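A.B. asks: Submitted below is the structure of interest, expressed as structure tokens.
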Amino acid sequence: MLASELMLFPDGPLRPGWVRIEGGVLTEVAESAPPAEADAVEGILAPGFVDVHCHGGAGAAFDDGPEAAETARQVHLAHGTTTMLASLVSDDPDRLLNTVQALVPLVHDGRFAGVHLEGPWLSPQRAGAHDPDLLSAPGARELEMLLATGVVEMVTLAPELPGGIEAIRRIADAGAVPAVGHTDATYEQTREALAAGARAATHLFNGMRGLQHREPGPAAAMMEDGEALLELIADGVHVHPAMLSWVHRSAPGRCLLITDAMSATGGCDGDYRLGRLDVRVEGGVPRLVDTGSIAGSTLTMDRAVRVAVTEAGFSREDALRAASAVPAALLRRQDVGQLTRGARADLIVLDHQLQVNRVLRAGTEVS
Ligand SMILES: [Zn+2]
């Protein structure tokens with residue numbers, strides 16, 4: 001049983017509350033005075049973070065097999081991420097299928113909530129840190145084979161590619177999240193994608209046609225849609241804090257923080273790889289050696305929350321929900337991302353500077 005003066009409920013401000021943990025689940029969540037036996041924590045008691053867009057950490061990437069995936073997962077878990085998708089960068093469809101299949105056991109045993117395919121169906125004009133040689137238009141057969149693994153929960157694609165809209169329909173029908181990203185789509189094409197079932201913008205503004213007064217592009221279409229959720233990389237580098245703040249005010253409750261973290265996360269500056277491309281990390285910012293394009297981040301979710309609060313004017317509640325309840329809603333998961341009765345006992349304790357001091361996953365303390 002844990003109690004705090006500052007607990008994050010699904011709604012409203014941080015306020016006193018307590019939870020009872022039994023069998024890895026929250027069996028009671030209450031606002032009343034805590035029972036005497038409750039362990040009163042110092043700081044904010046919040047649900048564990050949910051990261052739907054992360055590529056790795058600790059020198060390891062999710063593309064490199066189960067062992068590497070577990071190594072990377074541990075870094076993010078230590079920073080409070082208790083639910084995550086394994087995001088995979090663009091690859092040749094056969095190799096990609098093998099990579100996904102290798103991760104199936106880690107999804108079945110609950111370590112990952114699924115796989116996020118970021119590519120290979122991306123625009124060569126907006127490839128960012130994806131190898132342009134590996135990009136293609138979506139093929140119905142390869143899509144079916146990937147969906148048949150049963151673990152693909154999210155697919156980022158460029159809707160303007162031939163077959164893009166049909167692919168979005170198929171992904172939505174399969175119960176996964178179609179996300180618009182790495183795209184040169186126009187405003188109109190993006191609206192078509194939304195009508196076909198697209199539910200999220202992959203790292204809004206990054207890797208997409210820009211926002212312009214005569215050509216509003218994908219960002220405006222996604223922002224004006226009342227339902228679409230908007231991924232933000234809140235490291236203060238990918239998106240100017242003023243834009244983070246503006247999106248947050250314009251689309252309340254629809255922003256979700258992601259890390260887009262690559263293998264260098266939790267490590268030092270130096271040389272790394274993203275897929276097959278060489279990346280150099282300087283001052284914590286990874287860039288492709290060849291083109292200088294930003295190649296993911298070295299964020300952890302707790303730092304994204306801190307940047308959102310200190311640089312972009314999010315309230316602590318909004319930043320914490322953007323890192324938990326909103327991404328959980330994107331995945332249509334009711335058992336994670338919120339402190340509610342029946343949810344998995346994924347809890348974090350943050351100090352007043354929003355540093356994560358304790359992490360519990362399914363009721364078990366993570367060291
Ligand atoms: Zn990306």
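A.B. asks: Leaving ligands, DNA and RNA out of it, report the carbon-plus-sulfur percent of the accessible area of the range 314-367 at a 1.4 Å probe.
C.D. replies: 43
A.B. asks: Next up: Would you kindly compute the Cα radius of gyration of the range 194-298 and its largest Cα-Cα separation (Dmax), both in Å?
C.D. replies: 15.1, 43
A.B. asks: Among 182, 239, 262, which residue has its Cα furthest toward the positive end of the charge dipole of the range 49-334, with +1 on Lys/Arg Cβ and -1 on Asp/Glu Cβ?
C.D. replies: Looking along the dipole axis, the top candidate is 239.
A.B. asks: Count the DSSP beta bridges whose two residues both fall in the range 19-128, then state the antiparallel fraction as a percent rounded to the nearest 5.
C.D. replies: Close to 45 percent.
A.B. asks: Could you list log10 I(q)/I(0) for the range 102-158 at q = 0.28 Å⁻¹, which the Debye formula gives when each Cα is one point scatterer?
C.D. replies: Results for the range 102-158 at q = 0.28 Å⁻¹ read -1.09.
A.B. asks: Where both residues lie in the chain, what percent of DSSP beta bridges are antiparallel, nearest 5? Mind showing how you got there, number by number?
C.D. replies: Working: 33 of 62 bridges.
Restricted to the chain, the bridges split so that about 55 percent are antiparallel.
A.B. asks: Given an 8 Å cut-off on Cα distances and at least 6 residues of separation, report the relative contact order of the chain as a percent.
C.D. replies: Values: 924 pairs, mean separation 76.5, N = 367.
21 percent.
A.B. asks: Over 10 Å intervals from 0, what percent of Cα-Cα pairs in the range 49-334 sits in each interval?
C.D. replies: For the range 49-334, the binned pair fractions read 7, 33, 40, 19, 1 percent.
A.B. asks: Ratio of the range 57-216's C-alpha Rg to 2.2 N^0.38 Å, to two decimals?
C.D. replies: Details: Rg = 15.5 Å, N = 160, 2.2 N^0.38 = 15.1 Å.
Computed over Cα atoms of the range 57-216, the ratio equals 1.02.
A.B. asks: If you don't mind, another one. With every protein chain left in place, what is the accessible area per residue of the chain in square angstrom, probe 1.4 Å? Don't skip to the end; give the middle numbers.
C.D. replies: Working: 14150 Å² over 367 residues.
Here the per-residue accessible area is 39 Å².
A.B. asks: Still on this structure, I have one more. DSSP loop (so not H, G, I, E, B), at most 10 other Cβ within 10 Å: list which trypsin sites (Lys or Arg not before Pro) in the range 129-217 pass both filters.
C.D. replies: 214
A.B. asks: Summing Lys, Arg as +1 and Asp, Glu as -1, what charge do residues with Cβ under 15 Å from the Cβ of residue 66 carry, residue 66 excluded?
C.D. replies: -3
A.B. asks: How big is the range 233-367 by the Kirkwood estimate over distinct Cα pairs, in Å?
C.D. replies: Over the range 233-367, the inverse of the mean reciprocal pair distance is 16.1 Å.
A.B. asks: Now for a different question. Across the range 47-62, in residue order, what do the Karplus-derived ³J(HN,Hα) couplings come to in whole Hz, using 6.51 cos²θ - 1.76 cosθ + 1.60 with θ = phi - 60° and x for Gly and Pro?
C.D. replies: In residue order, the calculated couplings are x, x, 6, 10, 10, 8, 9, 8, 9, x, x, 6, x, 10, 10, 5 Hz.
A.B. asks: Here's another thing I want to ask about it. Can you tally the net charge around residue 238? Count Lys and Arg as +1, Asp and Glu as -1, for every other residue whose Cβ sits under 11 Å from the Cβ of residue 238.
C.D. replies: With Lys, Arg at +1 and Asp, Glu at -1, the net is -3.
A.B. asks: If Lys and Arg each add +1 and Asp and Glu each add -1, what is the summed charge of the other residues whose beta carbon sits under 15 Å from the beta carbon of residue 196?
C.D. replies: Working: positive: 169, 170, 191, 199; negative: 160, 166, 173, 188, 192, 225, 227.
Its environment carries a net charge of -3.
A.B. asks: Let me ask you something else. Taking only DSSP H segments of four or more residues, each worth -39500 (n - 2.57), what value at 222 nm results for the chain once the sum is divided by all its residues, to the nearest 500 deg cm²/dmol?
C.D. replies: Values: 10 runs with 98 residues, N = 367.
Mean residue ellipticity at 222 nm (helix-derived): -8000 deg cm²/dmol.
A.B. asks: Taking the Cα-to-Cβ direction at residue 365 and at residue 125 and moving 7 Å from each Cα, how far apart do the two end points lie in nm?
C.D. replies: Between residue 365 and residue 125, the simple spin-label model gives 5.5 nm.
A.B. asks: Over the range 269-367, what relative contact order in percent results from Cα pairs under 8 Å that are six or more residues apart?
C.D. replies: Relative contact order, the range 269-367: 13 percent.
A.B. asks: Which three numbers, in whole Å and largest first, are the semi-axes of the equivalent ellipsoid of the range 293-367 derived from its Cα gyration tensor as √(5λ)?
C.D. replies: Whole-Å semi-axes of the equivalent ellipsoid: 22, 16, 14.
A.B. asks: For Cα pairs less than 8 Å apart in space and 6+ apart in sequence, what is the mean separation divided by the residue count of the range 86-181, i.e. the relative contact order in percent?
C.D. replies: Relative contact order, the range 86-181: 29 percent.
The values are calculated or read from the model by the stated rules, or taken from the named source; none is laboratory data. Source: prediction; values computed, not measured. Cβ: placed from backbone, ideal geometry, glycine included. Neighbour counts: every protein chain shown. SASA here: full protein model, heavy atoms, side chains in, ligands and nucleic acids out. Shrake-Rupley method; radii C 1.70, N 1.55, O 1.52, S 1.80 Å.
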